[in-house]
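Contents: one structure, followed by commentary.
The values are calculated or read from the model by the stated rules, or taken from the named source; none is laboratory data. If you're wondering where the values come from, they're calculated on a predicted model, not measured in any experiment. Cβ placement follows ideal geometry from the backbone for every residue including glycine, while neighbour counts extend to all protein chains displayed. Areas reflect the complete protein model, heavy atoms only, side chains present, ligands, DNA and RNA absent. Shrake-Rupley method; radii C 1.70, N 1.55, O 1.52, S 1.80 Å.
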Amino acid sequence: MNVLSTVFIALAMSTDAFAAAVGKGAALHRPRIQEALRTGAIFGVIEALTPVIGWAVGQAAAPFVSAWDHWIAFVLLGVLGIRMIHEGLSTAEEEVEKPRTHSFWMLAVTGFATSIDAMVVGVSLAFMDANILVTAAAIGLATFTMVTLGVMVGRMLGVIVGKRAEVVGGVILILIGGLILYEHIGGT
């Protein structure tokens with residue numbers, strides 16, 4: 001696999017995470033660059049590990065993972081999106097000031113949901129002449145960069161949308177899950 005192919009795979013694998021990061025950034029109260037970097041690091045590490053896991057699992061799990069990856073991502077992103085929408089629509093008495101950071105576990109679950117496709121790519125790389133470590137590092141670096149930028153773009157969106165930014169973030173997560181499901185069911 002050549003360098004250009006590796007770059008395209010890395011960018012393709014980071015697009016879902018970028019969109020999710022925009023939603024995460026919009027749901028926070030003026031996220032700072034430190035929070036964007038933290039979110040980017042969590043997503044980047046997860047996105048770099050999943051193709052290695054997929055590569056290691058190889059041919060034995062390929063039919064199972066590829067048959068269910070879109071459903072797993074759809075459910076995880078849908079549940080997270082619905083939770084964000086619910087919190088964004090809560091009444092004024094229930095509203096709490098927007099958090100300045102997201103919990104590690106919330107970011108990790110979102111990162112995993114957007115990286116399932118990278119695991120499937122890892123399975124396919126097991127059958128190609130590809131250096132999995134270089135490819136995984138490229139995917140992780142691209143995701144780190146895209147997610148960091150996404151959180152900061154979400155910050156601007158949050159200022160524009162105001163207190164209902166969390167609803168926008170939830171809708172974005174549900175749309176990503178729906179798109180993943182559509183690509184696998186309707187696009188094949």
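List of remarks:
- Answer residue from region 1-34, given it is open to solvent by less than 10 Å² (accessible area, probe 1.4 Å) and not small (Gly, Ala, Ser) and is nearest to Ile132 (Cα to Cα) among those: Lys24
- Scanning region 147-158 for any residue that is open to solvent by 60 Å² or more (accessible area, probe 1.4 Å), touching a His at 6+ places or on another chain (Cβ under 6 Å) and either within 19 Å of Ser14 (Cα to Cα) or at pLDDT below 70 (or both) turns up nothing.
- Within region 125-145, the set of residues being at pLDDT 70 or above and either open to solvent by 50 Å² or more (accessible area, probe 1.4 Å) or touching a His at 6+ places or on another chain (Cβ under 9 Å) (or both) comprises Asn131, Leu133, Val134, Ala137, Leu141, Phe144, Thr145.
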